[in-house]
1. Which one of the conditions (1) closer than 22 Å to T133 by Cβ; (2) loosely packed, with under 12 Cβ neighbours inside 10 Å; (3) not hydrophobic (A, V, I, L, M, F, W, C) does R6 fail to meet, given that it meets all the rest?
2. Could you list, in sequence order, all residues of segment 1-41 that are free of Cβ contacts under 8 Å to residues at least 12 places away in the same chain, of a type in the set (K, R) and closer than 28 Å to I54 by Cα?
3. Go through segment 50-72 residue by residue and tally those that are assigned to a helix (DSSP H, G or I), open to solvent by 60 Å² or more (accessible area, probe 1.4 Å) and in contact (Cβ under 8 Å) with a residue 12 or more places away in the chain.
4. Would you confirm whether any residue within segment 78-99 is within 19 Å of K121 (Cα to Cα) and of a type in the set (V, I, T)?
5. When segment 118-128 is examined, which residues are found to be touching a residue at least 12 places away in the same chain (Cβ under 8 Å), open to solvent by 60 Å² or more (accessible area, probe 1.4 Å) and either assigned to a loop (DSSP other than H, G, I, E, B) or in contact with a His (Cβ under 9 Å, 6 or more places away or on another chain) (or both)?
6. For T29, work out the one condition from (1) more than 18 Å from the chain's Cα centre (by Cα); (2) surrounded by 10 or more Cβ atoms within 10 Å (Cβ to Cβ) it doesn't fulfil.
7. Criterion first (in contact with a His (Cβ under 6 Å, 6 or more places away or on another chain) and either closer than 15 Å to A126 by Cβ or within 16 Å of the ligand (Cβ to nearest atom) (or both)) does V58 satisfy it?
8. Return the residues of segment 122-135 that are under 17 Å from L69 (Cβ atoms) and in contact with a helix residue (DSSP H, G or I) (Cβ under 7 Å, 6 or more places away or on another chain); say none if nothing qualifies.
Amino acid sequence: MSKVVRFGVSLDRELLEKFDRLAKEKNYTCRSEALRDLIRRELVQKQWENNGEIAGAVTLVYNHHKRELVNKLMDIQHDFGKTIISTQHIHLDHNNCLEIIAVQGSPEEARKLTDNLSAVKGVKHATLNMSTTGKEIR
Ligand code: NI
């Protein structure tokens, strides 16, 4: 466990007021926790930029009645077997499926997987949630 350090920050009053308002809107009970989360967010972004080891989730919404669509999605997922750690399939209604694909590994592979899946005809929406393994973030 690393030591907690206190430090002072000089800030324009207006900027601090905006920060406090934002923190309140997001239900933070103190500035420190709001600031810690801002820093963590930047660090996670850096991991993605620097090609570090990342974790995240791809979410897909598609109509499973489209011809060949499910097979194509499956082929792509088999090609990314090293990156995909888990998948969950939810039947939203008679036509639409939601798939959540958990990924761990290189940011490049996670992006490539997302791009390949979203390019399949019939995929209505695809997003990549860029998160972290948590290893280098306290
Ligand atoms: Ni389904």
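The values are calculated or read from the model by the stated rules, or taken from the named source; none is laboratory data. Fair warning: this is a prediction, and the values are worked out from it, not measured in the lab. So basically every Cβ, Gly included, is an ideal-geometry build from the backbone, and we count neighbours across all protein chains shown. The accessibility values were calculated without ligands, DNA or RNA, using every heavy atom of the protein model including side chains. Shrake-Rupley method; radii C 1.70, N 1.55, O 1.52, S 1.80 Å.
1. Answer for R6: the failing condition is (1).
2. Those that are free of Cβ contacts under 8 Å to residues at least 12 places away in the same chain, of a type in the set (K, R) and closer than 28 Å to I54 by Cα: K3, K26, R36, R41.
3. The total comes to 1.
4. Taking every residue of segment 78-99 in turn, none turns out to be within 19 Å of K121 (Cα to Cα) and of a type in the set (V, I, T).
5. So the first thing to find is which residues in segment 118-128 are touching a residue at least 12 places away in the same chain (Cβ under 8 Å), and the list is 118, 120-128.
Right, trim to open to solvent by 60 Å² or more (accessible area, probe 1.4 Å) and you get 121, 124-125.
Listed by number, the list holds a single entry, K121.
6. T29 satisfies all of (1) more than 18 Å from the chain's Cα centre (by Cα); (2) surrounded by 10 or more Cβ atoms within 10 Å (Cβ to Cβ) except (2).
7. no
8. G122, V123, A126, listed by residue number.
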